[in-house]
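Structure first, commentary second.
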Amino acid sequence: MWQLAVALLAATLISIHSASARSITGERVAESFALPVLQDLLEAAGETEGKLMRLCEAPSEAALTTARDAFSNLVRAWGRVTILRFGPLTSENRFDRLFFWPDPRGIALRQVQQVLAKGEADLSGLGEGSVALQGLPALEFVLFGTGASEMTNADDDFRCRMAHAIAANIVSVATETRDSWRADTEFSRTFRAPDPQSDLYRTANEVDVEVIKALTTLFQYVRMAELLPAMGDSLETARGRRAPLWRSMLTFELAAQQLTAANDLLRTAGYRSRLPEERRWVVDTIRIEIETAIRLLSEIETDPQNAFGIPDDRNNIAFAMSAVARADTILLRYLTQLLGLYVGFNALEGD
């Protein structure tokens, strides 16, 4: 259910420590979570770009393997960034430019295949064109999809140059996103220190609502956009190829990193310490459910293309999805009330 209206029961609201304690949420999130994970993303993207450049200059099986390993690290770094789906990451289509998903009609696949088939596109304007050609799903197909072995052939380097162009674009978008979180930008200033005159964040409550929305959006995105489409209605109708990054076998690693980021963001925001002792079980329970989901997904060793149709792996996926759903329910039903917040819509609904 995309619409997340949480009714506040005034008679049951518990007094939270002090307004001054709530005002530091933005500072904590910016300095201790957002900037570090965005810096990690930028470094992983730069490493991937560098490995691809070397692959293009001296094609070999070893160089291709090294580039693929760098891509895997980039996906892990991206997984920790996806929870920041507000502010800079949603401006100028940056999220879609980095990760065009969901893509139920296979737009990215078709467009990438068309460019590769022509082999003569001007790659310098990649960042100004279709978002489906700019991010990780597109780069994954170039590196792992049909014909990827051609990248070891020095006689035909277009595919390698395309991969390098996509990676360079990811570096550019990641740089823009990180820089927008730095303290001297309008977004960062008001996120850290809300201003009643600001069009972004007027109160500390609005910053807290943004963080809660980021958490619930991530929970729903992992469940509904990444895992559920591949589940089908039964073992027979499971379609692992509907999951993101199945070619590189990083589907479950991505989800695990996303959920790890949710746990880290929840801790960094400091909500547990703001609750009375007898109510801290709420945050503890959310974290237990998240950790349960991470463990279940990490136990899957089957490639994603087949895992959704294998009983034991399918059960792990289903139980992980249920744990994420419980974490989301507790977050919205209890934590928002205890913090005195109202959460209306999440980023998946365009708010």
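Within the range 169-186, count every residue that is under 15 Å from the mean Cα position of the chain (by Cα) and polar (S, T, N, Q).
Of the residues in that region, 1 qualify.
What number of residues within the range 178-227 satisfy the criterion of being within 24 Å of L98 (Cα to Cα), out of contact with any Gly (no Cβ under 9 Å at 6 or more places or on another chain) and among the β-branched types (V, I, T)?
Number of matching residues: 5.
Do you know which of the residues in the range 28-38 that are touching a residue at least 12 places away in the same chain (Cβ under 8 Å) and closer than 11 Å to R182 by Cα is surrounded by the most Cβ atoms within 10 Å (Cβ to Cβ)?
Residue satisfying both the conditions and the ranking: A34.
Considering each of F71, F100, F86 in turn, give the residue that is assigned by TED's automatic domain parsing to the domain that holds G135, out of contact with any Asp or Glu (no Cβ under 6 Å at 6 or more places or on another chain) and surrounded by fewer than 23 Cβ atoms within 10 Å (Cβ to Cβ).
F100
Of all residues in the range 113-134, which are free of Cβ contacts under 8 Å to residues at least 40 places away in the same chain and in contact with a Leu (Cβ under 7 Å, 6 or more places away or on another chain)?
L133, Q134
Just need a number here: residues in the range 21-38 that are in a helix (DSSP H, G or I) and either among the small types (G, A, S) or farther than 15 Å from G79 by Cβ (or both).
12
Hey, could you check the range 282-302 for residues that are more than 16 Å from D328 (Cα to Cα) and hydrophobic (A, V, I, L, M, F, W, C) and say which is surrounded by the most Cβ atoms within 10 Å (Cβ to Cβ)?
L297
Have a look at R241, R192, R267, R279 and point out the one that is under 21 Å from L335 (Cα atoms) and in contact (Cβ under 8 Å) with a residue 40 or more places away in the chain.
Result of the check over R241, R192, R267, R279: R279.
The values are calculated or read from the model by the stated rules, or taken from the named source; none is laboratory data. Everything numeric in this text was worked out from a predicted model, so none of it was measured. Glycine also receives a Cβ, built like all others from the backbone with ideal geometry; neighbour counts cover every protein chain displayed.
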